Structure formats: structure tokens, C-alpha cells
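Encoded as C-alpha cells, the structure appears first; notes follow it.
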Amino acid sequence: MEKESSPVRPRRGVRGKKAITREEVVDGAMELLADGSSEDVSMHRLARHLGVGVMTLYSYVKNRDELLDLVVERTEADFAHLLALPGEGDWQDQLVHHFCEWRRLGLAHPGLALTILHSGQTLTSASRESGKRIMDEVIGLMRKAGLSADTSAYLYLALHQYTSGALLREIVRGRRGPQDPRLIRWQGTLRSLRAKEYPHLRAARSVFLANDAEAQFIFGLRAILHGATAASSELPPGSESTPAFVAVPTTTSRASARRGQGG
């Protein structure tokens, strides 16, 4: 049974049953996604939005999953084109450009981004092929820059996870708007900080108050790339081994040493 959401107003000019096309069905689903996530796209909700009967939709798509696949197909060509690497310039600049484009596209299509990142919607076979090609190009760029296969894989995963998390956070915050009570309270707290009590946070508060999401995002990308490059430089030339810096830090040995000295 499909989950029902808040009432949806039909498109302007729509009155009762009418003839529609498959393209219009996909257009309608994308319009619903623009204001929500895949959970907001049910066949009943879409039918009301388009001003047609539910059974009319089933003459164009088998079910809701096929509908969401069609939405992904509609956008995948643009995504693949825009996410292509520039092909020239510093390799780190190319990667920053790539992941910034990913973020920009996600913010431009928040409903679709949430569908893929949060709801676990299965991508179409064409989307998966496109994704694999992009991954191969990105990892290939890293390897041309001198990184090992393992380091390239870890770096790709780090950048992918960082971008996905940052994008999800921005979408959620963006929907709350600038008048979000939590944001207003936090900014008020920052402005009232006393230097004697919180000297370091007060000195750094201008960055928090600016709340420049793009600048924060790019800084994070650069920090990840810088760290991976510095760590890979410590590996022997031509090494394909897993970098040692992926080990989980622990204080167990230090604590044990102190206990041993005390005993």
C-alpha cells in the first residue's frame, strides 16, 4: 500500500481526465521530486498532480519503481556530460571541479539526489555503466598523478563519501531555510561568546557566521586531497600496497605502557 502525503494541487489548467504522454508522466514525477524525495512520489499523488486517473498512469509505467527509473534516465545524460573530467590542468583541480559539479547538480535536483543517496533507489543499467566509466576516469587520473591503485581507491571513496554527506546536509538545511530556529540560535550563541571563556572558538567564529557552504565544501576537498597526496609520498616508488594510514588510531598501547610503568 502506497504511503500518502500532503494534498497535491493539480497543474494549472488541468480539469478532470485528459490524454497525456509518457513524457508528461515523467515530467510530473520530476516536479514532485523537486519539492521532496522519492517517498513523495506515489502513483496516487502523481495522478492528482497531473489531473488524471491512477489507472491512466499504469498504461505508461508498470509501477512506481519503473517511474523512478525513468526519472533517473531522463537526467543521467546531463549528469554524465557535466561530471566528465575537464581533461587538462592540475589533477587536483580537475577532481575539485568534478566533485563541485556533482554537488551543484545535486543541489539543482535535490529530490533526485535524495532518491539516490538516501532512499536507495536502484539505478538503471545505463546509469550504472555511466557511473563505472566516470569512476574509471577519476581513478585513472589519480594513477597518472602517481598514486597507487589502493591509494586511488581509498581517495575516491573518501571524496565520494564526503561529497554525498555534504550534499545531503546541504539539502536538508536548505529546506529549513535561513530562518531555521536552530541556525538562528547557533548564530546568536557565536555572537555572544566571551573571549575569556572560549578564546579559540570566538577567534574562528567569522567562518561559522559566514556559513559559506561552497567555501566549506571546497576546503574539505582540498584537505582530503592534500592529506592523501602527503601520505602517498611516504610509500616506496611504484608501491601498490594499502597505505598504512588507514589503520584505526588507538591509545591502548600508551595506556598499557603507563599501567606497566605504574605496576
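The values are calculated or read from the model by the stated rules, or taken from the named source; none is laboratory data. Remember, predicted model here, so these are calculated numbers, not experimental data. In this analysis, Cβ positions are derived from the backbone assuming ideal geometry, glycine residues included, and neighbour counts consider all displayed protein chains.
Can we say Gln161 is among the polar types (S, T, N, Q), part of a helix (DSSP H, G or I) and surrounded by 14 or more Cβ atoms within 10 Å (Cβ to Cβ)? Spelling it out, it is not the case that Gln161 is among the polar types (S, T, N, Q), part of a helix (DSSP H, G or I) and surrounded by 14 or more Cβ atoms within 10 Å (Cβ to Cβ). Per this entry, Leu159 is not counted among residues that are modelled with pLDDT of 85 or more and in contact with a Gly (Cβ under 6 Å, 6 or more places away or on another chain). For Gly140, are the conditions met, namely being under 19 Å from Leu221 (Cα atoms), exposed (fewer than 14 other Cβ atoms within 10 Å of the Cβ), in the same structural domain as Arg222 (by TED's automatic domain parsing) and over 16 Å from the mean Cα position of the chain (by Cα)? Criteria met by Gly140. Against the test of being at pLDDT below 90 and either assigned by TED's automatic domain parsing to the domain that holds Tyr156 or of a type in the set (Val, Ile, Thr) (or both), the options Leu95, Leu82, Leu68 yield a single qualifying residue, Leu82. Note on the stretch 36-56: among residues that are out of contact with any Gly (no Cβ under 7 Å at 6 or more places or on another chain) and within 19 Å of Leu112 (Cβ to Cβ), the one that is modelled with the lowest pLDDT is Ser38. Taking the criterion of being part of a loop (DSSP other than H, G, I, E, B) and among the aliphatic types (A, V, I, L, M), the residues of the stretch 186-221 that qualify are Leu193, Ala195. Scanning the stretch 143-152 for residues that are part of a helix (DSSP H, G or I) and either hydrophobic (A, V, I, L, M, F, W, C) or surrounded by fewer than 16 Cβ atoms within 10 Å (Cβ to Cβ) (or both) returns Arg143, Lys144, Ala149.
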